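Let me begin by presenting the structure, written as structure tokens, before commenting on it.
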Amino acid sequence: MTSKTVAALASPFSRYQGEIAMKKRVAVALGAVSLCVVSFVAQSHSADSTSKASFEKFVEESNKAQTSNDAKFMEANLADVYVEGTSFGTWIPKAQLIKDANDPANNKFSKADVTDLQTEVVGNVGVARFKESYDAMIEGQHRARTIICSMTAEKQGGSWKALSSHCSKVE
């Protein structure tokens, strides 16, 4: 056999080995990319679940703070621009809520039941919807009713800040 014959016979074999090696490299690269994508999706889903759970807890704590006149919680967890729209057709800014919380003689809840809480988190914004039945003294006036409410909050750093809430009377 001449060297040309050996080269001719080896050439298809070498080409075949090269194709197999290339296919292995492509398969390994695709596998690595797939693992990265799966890891990213799993991490993203986990972060979303954690964020939603932390927001739901924040909403529950916010409702508890309001009904227990917790002015310190309000000061720390309501954004400076916070405003509440009441079912009586008034707007109450953060400063007034804190002032009212510091006046328990004229602002006190004797009953506050929150039900049907639903929360969603989109990016760093949380939106909550819930129903509340309460019996309270608000600014010296007795009020009792069932309302539906929404709350919007923003995650700032590692904590939530309420931006706004609004409630409407249920007929």
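The values are calculated or read from the model by the stated rules, or taken from the named source; none is laboratory data. Computed from a predicted model, the values in this text were never measured in an experiment. Here the Cβ positions follow ideal geometry from the backbone for every residue, glycine too, while neighbour counts run over all protein chains shown.
Can you name the residue in region 138-160 that is buried (at least 16 other Cβ atoms within 10 Å of the Cβ) and not β-branched (Val, Ile, Thr) and is also nearest to ASN107 (Cα to Cα) among such residues? So the residue we want is CYS149. Just one of the numbered conditions (1) at pLDDT 95 or above; (2) in contact with a strand residue (DSSP E or B) (Cβ under 7 Å, 6 or more places away or on another chain) is not true of ARG143: (1).
Scanning region 74-97 for residues that are surrounded by fewer than 17 Cβ atoms within 10 Å (Cβ to Cβ) and assigned to a helix (DSSP H, G or I) yields GLU75, ALA76, ALA95, GLN96. Only residues that are surrounded by 11 or more Cβ atoms within 10 Å (Cβ to Cβ) and either modelled with pLDDT under 95 or not aliphatic (A, V, I, L, M) (or both) were counted across region 118-135, and they come to 12.
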